[in-house]
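Below: one structure, written as structure tokens.
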Amino acid sequence: MPRQNSESNVEGKQRTTSVVGDQGTVLVIDDDRMNTQLLGDVCAVSGWRVLVAEDGQQGMTLARKHHPDVILLDLMMPRLDGFGVLAELRQSAGLADVAVVIVSAIGEQDSVDRAHALGAVGYLHKPFGLEDLRSALKSAVSKKNELTPEAGGWPGSQRDEVLRMLMRQGERAASRNTTVGLLTVGLSRRGGEGVTEEESTWLNDEVLSLVRRPQWLYRIGAGLVAVVIAGVTSTYVIRLSYQIHRSLKQGLMSYRGAPNVHVGCLVRHGLRSADAEEVLEKALAALEEARSTDTDVFVTT
């Protein structure tokens, strides 16, 4: 067992426990003090330096200050919930590669899918055993490198989640003889200048407000999101893509020098698992063509 340092730092409601060990730093974000105490103690005796925050906003403050290796994150919290924390982490400089493990009593598959799509590498359902926690921490460390953004700003882990969601929705659509649509939405500026973090967050929030099922929304890079829609007609998917484009354009009209909005739309009647990669590539290619030529592209198959 690693030797512990008995001193603790206390900053308001944020508690920092230092230990001597080589595991790294873990940040526990949970509004239940009993949970933070338990999680912190287990991590500390396993050789981790432990930071604790009691809501999402405090958690982001500590994350920006200390750049932890792993975050244990509750979902239901005041001020800023776990989904909000995940979204902010992936758009914050130096924090996109932090490995996040969700620790929550919420077990619905939609919440699990959404958490993974936003970049979580693990999901622990409360209550859980101590060995489950230790295994989750070990797995999070091994997966940390997978969160490093690839060329084009698409983290590999999130790409895999979009593919898995496409496969699941495709199987449902095939069984019901309906369609699957994948919309890719992006912001760009002339001359290749990137969009700001504020604009990227705005895009995510605006698209979220325009789709009926927010768990189908994925942030896949700076100024780039994707929406998976299943069980509807091709006409509906195409109409929604135009609605999203029109609404976003109107929302940017009052901003001088605002970025342009582009949407790539792909519709497939049913979807076999083997087709998911092709669908994803075509939707991304449609979006990239729109961004490179400064036009709006809608692709249907």
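The values are calculated or read from the model by the stated rules, or taken from the named source; none is laboratory data. Please read these numbers as outputs of a predicted model, since none were measured by experiment. Positions of Cβ are generated from backbone atoms using ideal geometry, with glycine treated the same way; all protein chains shown enter the neighbour counts.
One table, with the values for the structure above:
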{"item": "Tally of residues being in a loop (DSSP other than H, G, I, E, B), aliphatic (A, V, I, L, M) and surrounded by 20 or more Cβ atoms within 10 Å (Cβ to Cβ) across region 93-123", "result": "4"}
{"item": "Which listed residue is of a type outside the set (Phe, Trp, Tyr) and touching a helix residue (DSSP H, G or I) at 6+ places or on another chain (Cβ under 7 Å), from Leu38, Leu62, Leu51", "result": "Leu51"}
{"item": "Those residues of region 61-92 which are of a type in the set (Lys, Arg) and buried (at least 23 other Cβ atoms within 10 Å of the Cβ), in sequence order", "result": "Arg90"}
{"item": "Residue within region 20-28 that is over 23 Å from Arg114 (Cα atoms), of a type outside the set (Gly, Ala, Ser) and part of a strand (DSSP E or B) present", "result": "yes"}
{"item": "Top-ranked residue of region 47-56 - restricted to ones that are under 13 Å from Val85 (Cα atoms) and more than 17 Å from the chain's Cα centre (by Cα), ranked as surrounded by the fewest Cβ atoms within 10 Å (Cβ to Cβ)", "result": "Asp55"}
{"item": "Subset of region 260-274 (residues that are in a loop (DSSP other than H, G, I, E, B) and surrounded by fewer than 23 Cβ atoms within 10 Å (Cβ to Cβ))", "result": "Gly270, Arg272"}
{"item": "Checking Thr148 against (1) over 13 Å from the mean Cα position of the chain (by Cα); (2) among the β-branched types (Val, Ile, Thr); (3) modelled with pLDDT of 75 or more, the condition it does not meet", "result": "(3)"}
{"item": "Members of region 218-242 that are within 25 Å of Val112 (Cβ to Cβ) and either not assigned by TED's automatic domain parsing to the domain that holds Arg176 or not hydrophobic (A, V, I, L, M, F, W, C) (or both)", "result": "Tyr218, Arg219, Gly221, Gly231"}
{"item": "Conditions (1) at pLDDT below 80; (2) closer than 30 Å to Asn177 by Cα; number of the one not met by Ser241", "result": "(1)"}
{"item": "Cβ pairs under 7 Å, 6+ apart, first in region 210-232 and assigned to a helix (DSSP H, G or I) and at pLDDT below 70, second hydrophobic (A, V, I, L, M, F, W, C) and surrounded by fewer than 18 Cβ atoms within 10 Å (Cβ to Cβ)", "result": "Pro214/Leu208"}
